[in-house]
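A.B. asks: Mind looking over this structure? Questions follow.
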Amino acid sequence: MIAQNIRPGDTVIDATCGNGGDTAFLAEAVSPSGHVHAFDIQSEAIQATYARLKKKSLEPYVTLHHCSHEYAASLLTAEEKNSVRAAVFNLGYLPGSDKQIVTSASSTTAAVLSCLHTFPPGVPVIVVIYHGHPGGNAERTAVENLAAEFSEHEVRVLRYSLEFQEKAPPYVLTFEKTAEETPYLSKLVQAYSHISTKG
């Protein structure tokens, strides 16, 4: 999905850089004239990602942000917002680290809404949902509840999943804004912002 949507020169969001695998893949795809903005709240993840990028000489094409992905859209320039072609989220915990530190329902829903509201129509916001860990089901429920609230005339939601598996494999929800005018989406942004502020 990602490879079909991005080309050299594009701007891409890696909302959860983790150990840098996706970040490096994205940097290779958009270089030499594009750019990746990668986010993570853990310094360990930022350091691991930088090391991976440096090993492949990809660090010039990436800006690492040591902050929550809910700020992803707001930290881009106006030009970058118009050139974004994909945003990717891998939910859950950083592989090989403290499993108690996980993405949260409130920040994830805020980030997805912000990306959809800010970026042009046709930009896929790809969310890989891992739900086999403590807290994972709550976050999955929050993201699915958000998906159910979108107007089908403004946002298209696709689901990709492995079925009939013994364990709880991750699955993908892809959100894509389909209209220039999105009044219902704007109302959702305000509503969720109010909930986040209260929480």
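The values are calculated or read from the model by the stated rules, or taken from the named source; none is laboratory data. What you are looking at is a predicted structure, and each value in this text was computed from that prediction instead of being measured. Ideal geometry is used to build each Cβ from the backbone, glycine not excepted, and the neighbour counts take in all protein chains shown. Accessible surface areas use protein heavy atoms only, side chains included; no ligands, DNA or RNA. Shrake-Rupley method; radii C 1.70, N 1.55, O 1.52, S 1.80 Å.
A.B. asks: Name the residues whose placed amide hydrogens come within less than 5 Å of the amide hydrogen of TYR171, ignoring near sequence neighbours (fewer than 5 apart) on the same chain.
C.D. replies: ILE129
A.B. asks: Let me ask something additional. In whole Hz, with x marking every Gly and Pro, tabulate ³J(HN,Hα) for region 12-25 from phi via Karplus 6.51 cos²θ - 1.76 cosθ + 1.60, θ = phi - 60°.
C.D. replies: 9, 9, 9, 6, 9, 6, x, 8, x, x, 5, 4, 5, 4
A.B. asks: Given a 1.4 Å probe, how much area per residue of the chain is accessible, in Å²?
C.D. replies: Working: 10220 Å² over 199 residues.
That works out to 51 Å² for each residue.
A.B. asks: Turning to a different aspect of this structure: Under 18 Å between alpha carbons, and skipping anything fewer than 8 positions from LYS55 in its own chain: which aspartates and glutamates qualify?
C.D. replies: ASP22, GLU28, GLU44
A.B. asks: Collect residues whose amide H, placed 1.01 Å from N in the peptide plane, falls under 5 Å from the amide H of VAL62; neighbours closer than 5 in sequence don't count.
C.D. replies: When sequence neighbours closer than 5 places are left aside, the close amide H contacts are VAL36.
A.B. asks: Can you pull the one-decimal nm distance between simple spin-label points at TYR160 and SER193, each 7 Å off the Cα toward Cβ?
C.D. replies: 3.2
A.B. asks: How many nm separate the modelled label positions at GLU44 and SER151, each set 7 Å beyond the Cα in the direction of the Cβ?
C.D. replies: Each label point is offset 7 Å from its Cα along the Cβ direction, giving 4.4 nm.
A.B. asks: With point charges of +1 on the Cβ of Lys and Arg and -1 on the Cβ of Asp and Glu, referenced to the Cα centre of region 8-82, which listed residue (CYS67, LEU53, THR16) lies farthest in the positive direction of the dipole?
C.D. replies: Sorting the options by dipole projection puts first LEU53.
A.B. asks: Now a separate question. Tally up the carbon and sulfur contribution to the accessible surface of the chain as a whole percent, 1.4 Å probe, everything protein left in place.
C.D. replies: Here carbon and sulfur together make up 51 percent of the probe-accessible area.
A.B. asks: Nothing charged except the Cβ atoms of Lys and Arg (+1) and of Asp and Glu (-1): what's the magnitude of the dipole of the chain about its Cα centre? Round to the nearest 20 debye. Spell out each step's value before the answer.
C.D. replies: Details: 15 positive and 21 negative charges, 58 e Å.
Here the size comes out at about 280 debye.
A.B. asks: The list (i) 24, 21, 16; (ii) 31, 19, 14; (iii) 35, 19, 12 gives values of semi-axes √(5λ) of the Cα gyration tensor in Å, and only one came from this structure; which label was calculated from it?
C.D. replies: Label (i) holds the value from this structure.
A.B. asks: Would you mind putting 154-167, 180-193, 109-122 in packing order, based on average other-beta-carbon counts within 10 Å, highest first? List each step's numbers first, then the result.
C.D. replies: On the way: 154-167: 11.4, 180-193: 14.2, 109-122: 20.6.
Going from most to least packed, we get 109-122, 180-193, 154-167.
A.B. asks: Please give the calculated 222 nm ellipticity per residue for the chain, where each DSSP H segment of at least 4 residues contributes -39500 (n - 2.57) and the sum is spread over every residue; nearest 500 deg cm²/dmol? Kindly include the intermediate steps, with their values, before the conclusion.
C.D. replies: Values: 7 runs with 77 residues, N = 199.
Counting only the DSSP helices, I get -11500 deg cm²/dmol.
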